[in-house]
Amino acid sequence: MGKIDTYMVERPGANLDEGGYIMKKTDKIFRFSMSLFLILSLCLGGISGCSSKQTEDQNEIIQEETQHEEIRHDEEFQNVPERLREMYEVIRGNLELSAEETKEVIGLLQPVFEFQQQNRSQDDPEFKNASEKLSNLLNRYTKRQFESKKEELEKTKKIMDAYLGIGINEILDHQNEPLVTYDLFVENGQLIAKDKLAEKKIKNETRLKEIWESITAMIPETYLKSISLLNVREQEIKKGATTAASISPVDNHTFCLNININLPLDGALCEMISHEFGHMISLGDSQRKPQISAFEALSSEGFNPSWYHPDAYFRRFMEETKEYILYILSQVTKNEEKYLYYLRYKNNYVSMYSTKNPSEDFAESFAHFVKGDTPNTGLAKNKINFFSKFAEFLEIKQRVEKFCKLKGFTLSSELTP
């Protein structure tokens, strides 16, 4: 309207007709402008609409592709028993597999699953052969996935190689035999020299008393009674080359605790004692069936559920945390490829050493439970939570925490990476 008014003022003396004409003319101009504006708006709106439509189409295509991918994955699980699918989810670990690769893995997993359902021995040639094929395939995929992480790959291999066949609690310096070793009887929680010779051998009696105080403070009396012998070593501590501690059966009911009294008095010692205590729990005669000796259970690095009572802690640990599934693959993995096994399943273990065998896994998981570890992912979290379900273990945890606080010890996992 401003433009029309200005136009009229510029033509003073114009009559109505002229004025009317002027109005008509300017009205035409206005209408033309509005029409042009509307046309441009429609065009731009059309372009915007086309752009929105194109974006919607693209989103639909992406959704369709995602749905097709999900369908392709679902197709791999058609007619797959629920237990087999559950087994697949465990053995896949942290691998990222395509639909085609998933199909290949399930194909090799099928016979392993069937043999396991038939309760066949893992020494059965067919069972072992099928497990090896599956393990080799998974190792190949693991290598591919970690190709871009060579530093992690090499570091893991180096540490794992140091553990193969030995482990943190069994590392021996074969070139330097223990400087002193002697046995002490344990009666009613008291140490008694086996003979005068053993009594004379003790060099660091003060340290021996301090370590025994730690043991008796951490292990409840009901379990302490099962220690009938203490084998003491006084050997220079060398990282990766010295026996720290271990447990061995004396008979079917009691154990010998082997320990190096030159170990520093700190949280690592407390964790180590907790680890050996974990072995005592899983190997106790109340856990095993009468026909299975402690020697047999300890000498076998495997796990046979028929050896243990249905409510045995070790058996429940293996079944409830699904560790028995991974153990099938652990048994057939070649030593030189153990690091690949760990990389694939590291979220399922509290430490690298716990991958050694089920017995060490139980003991390590128990020790990490006692020190208060709380893994956030994988089966490792389930393993820690397993011990939390039992009042007995919660009391032991509090007992260890109380002792460490009294002594000013900080629980550490330095000796069990």
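Classify segment 77-145 as rounded, prolate or oblate from the Cα gyration tensor: take a ≥ b ≥ c as the square roots of its eigenvalues, call it rounded if a/c is under 1.5, otherwise prolate when a/b beats b/c and oblate if not. Please list the in-between numbers first.
On the way: a/c = 2.22, a/b = 1.30, b/c = 1.70.
Oblate shape, in that a/c is at least 1.5 and b/c is the bigger or equal ratio.
Over segment 180-407, one equal point on each Cα, no solvent: what is log10 I(q)/I(0) by the Debye formula at q = 0.10, 0.13, 0.17, 0.18 Å⁻¹?
-0.47, -0.80, -1.32, -1.44
Between Asn376 and Phe295, what length in nm is gained on full extension when 0.36 nm per residue of separation is reduced by their alpha carbon distance? Walk me through the numbers before you get to the answer.
Numbers: separation 81, 0.36 × 81 = 29.16 nm, distance 3.57 nm.
Difference between extended and current length: 25.6 nm.
Would you mind ranking Glu364, Glu401, Glu221 so that the residue whose beta carbon has the fewest other beta carbons within 10 Å leads the list? Mind dumping the intermediate values first?
Numbers: Glu364 28, Glu401 17, Glu221 9.
If I rank by nearby Cβ atoms, fewest first, I get Glu221, Glu401, Glu364.
Treat the count of other C-beta atoms within 10 Å as a stand-in for reagent exposure and order Cys270, Cys404, Cys256 from fewest to most.
Values: Cys270 26, Cys404 22, Cys256 17.
Going from least to most buried by this count: Cys256, Cys404, Cys270.
Can you run phi through the Karplus equation (6.51, -1.76, 1.60; θ = phi - 60°) for segment 269-281 and list ³J(HN,Hα) in whole Hz, with x for Gly and Pro?
In residue order, the calculated couplings are 5, 4, 5, 5, 5, 4, 4, 5, 4, x, 5, 4, 5 Hz.
Quick check: net charge around Glu126, other residues with Cβ under 12 Å of its Cβ, Lys/Arg +1 and Asp/Glu -1? Provide the component values of the computation, followed by the final result.
Values: positive: Arg120, Lys128, Lys133; negative: Glu114, Asp123, Asp124, Glu132.
That sum, taken over residues with Cβ under 12 Å, equals -1.
Most exposed first by the Cβ proxy, i.e. fewest other Cβ within 10 Å, how do Val112, Val80 rank? Please report the intermediate quantities before stating the final value.
Working: Val112 26, Val80 16.
Ascending number of Cβ neighbours within 10 Å: Val80, Val112.
Which ³J(HN,Hα) values in Hz, rounded to whole numbers, follow from the phi angles of segment 306-321 under the Karplus curve 6.51 cos²θ - 1.76 cosθ + 1.60, where θ = phi - 60° and Gly and Pro get x?
Listing the rounded values in order: 5, 7, 10, 5, x, 9, 4, 4, 4, 5, 5, 4, 5, 7, 6, 9 Hz.
7 Å from Cα along Cα→Cβ at both Glu319 and Asp124: what's the point-to-point distance in nm?
1.9
Calculate, for Glu210 and Asn79, the FRET efficiency according to 1/(1 + (r/R0)^6) with r their C-beta to C-beta distance and R0 56 Å; round to the nearest 0.05.
On the way: r = 63 Å, r/R0 = 1.13.
Using R0 = 56 Å, I get an efficiency of 0.35.
How long is the gain from Glu152 to His253 if the chain were fully straight, where each residue apart is worth 0.36 nm and the alpha carbon distance is subtracted?
Details: separation 101, 0.36 × 101 = 36.36 nm, distance 4.37 nm.
That works out to 32.0 nm of additional length.
The numbers here are math on the coordinates, done by the rules we state, and not lab data. Source: prediction; values computed, not measured. Note: ideal-geometry Cβ built from the backbone for every residue, glycine included; neighbour counts use all protein chains shown.
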